[in-house]
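To start, the structure itself, in structure tokens.
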Amino acid sequence: MAMKNCCYPFINTPLPYGYNALKPFIDEKTMWLHHSRHLQNYIDNLNKLLKENPELQSWSLEELVGCYSWLPRTLGTAVRNQAGGVYNHRFFFEGMAPGGISLGDGVLAQEINRTFGGTEGWKERMKEAAMSVFGSGYAWLVWEKNGLEIRTTANQDSPVEPDVRPLLNIDVWEHAYYLKHYNVRAAYIEDWFQVINWHAAQRRLTCGGMMGCTPKIPERIS
Ligand code: MN3
């Protein structure tokens, strides 16, 4: 398992699989660019930002994406974009596995059945949501107070809020699929369904948070 790597200075840990391991669904060049260029860029920018704002160096990644709104507006926006870019990409990459890992029949499977009538129903709703993102962003499966929900976020926003537990996300920025799927986002979404790591989603539901990181959002300072 990757080292914790939850606070400043962040490093870009290797993916838990090779750049070519998600073929034929996601191609090697896309994975390489996405991880070693796009994610690396967010990590470098976030480290630079935190270097200039040492009071934030003890904040975990989840605290940064969940609590940026407490900060002065300009700094908060920069944290939202850069920490979000790190959080969302790590979450996305950890949510995939070569050939996919099946849902099984645990609590998450039961909830998917209860809410969407099964995985086919879930896929339909997830695809609809991912298609509906205008421009760049993500579609998410999250656990909220009363059960599973599908959400979308723009740009690098993350649904890290009290009482919301993200389970899966799909990156629908064009850089996530353009080299292989060109402008056909629907084909990319279908391919992503083939590489979902449901084990990761189940673990996030039962344990919360990013692999090895604290799921806690700090109490608001009044
Ligand atoms: Mn991306």
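The values are calculated or read from the model by the stated rules, or taken from the named source; none is laboratory data. What you see is a predicted model, and the numbers here were worked out from it, not measured in a lab. Neighbour counts are summed over all protein chains in view; Cβ atoms, including those assigned to glycine, are modelled from backbone coordinates with ideal geometry. Heads up: the accessible areas ignore ligands, DNA and RNA and are worked out on the full protein's heavy atoms, side chains in. Shrake-Rupley method; radii C 1.70, N 1.55, O 1.52, S 1.80 Å.
Taking region 30-138 as the region of interest, the helices (runs of 4 or more DSSP H) fully inside it that hold 2 or more residues being within 13 Å of the ligand (Cβ to nearest atom) and open to solvent by 10 Å² or more (accessible area, probe 1.4 Å) are 40-52, 73-94.
Selection within region 144-164: residues that are assigned to a loop (DSSP other than H, G, I, E, B) and within 14 Å of the ligand (Cβ to nearest atom). The member of this set that is surrounded by the fewest Cβ atoms within 10 Å (Cβ to Cβ) is N155.
Please determine, by comparing only the residues of region 165-188 that are open to solvent by less than 20 Å² (accessible area, probe 1.4 Å) and not in a helix (DSSP H, G or I), which one is nearest to the ligand (Cβ to nearest atom).
So in region 165-188, the residues open to solvent by less than 20 Å² (accessible area, probe 1.4 Å) come out as 166-172, 176-177, 181, 188.
Now restrict to residues that are not in a helix (DSSP H, G or I): 166-172, 177.
Numbers: P166: 16, L167: 18, L168: 15, N169: 10, I170: 10, D171: 4, V172: 9, Y177: 10 Å.
Applying the filter and picking the extreme gives D171.
Scanning region 199-208 for residues that are modelled with pLDDT of 95 or more and open to solvent by less than 20 Å² (accessible area, probe 1.4 Å) turns up A200, A201.
Contact map, region 155-177: first residue among the small types (G, A, S), second residue within 16 Å of the ligand (Cβ to nearest atom), Cβ cut-off under 6 Å, separation 6 or more or different chains; pairs are S158/V65; S158/G84; S158/Y87; S158/N88. Considering the conditions (1) out of contact with any Leu (no Cβ under 6 Å at 6 or more places or on another chain); (2) within 20 Å of A139 (Cα to Cα), A83 is excluded by exactly one of them, (1). When L141 is tested against (1) within 20 Å of D171 (Cβ to Cβ); (2) in a helix (DSSP H, G or I); (3) away from the ligand (no atom under 16 Å from the Cβ), just one condition goes unmet, and that condition is (2).
Within the option set R90, R151, being in contact with a Ser or Thr (Cβ under 9 Å, 6 or more places away or on another chain), closer than 30 Å to S60 by Cα and among the charged types (D, E, K, R) holds for one residue only, R90.
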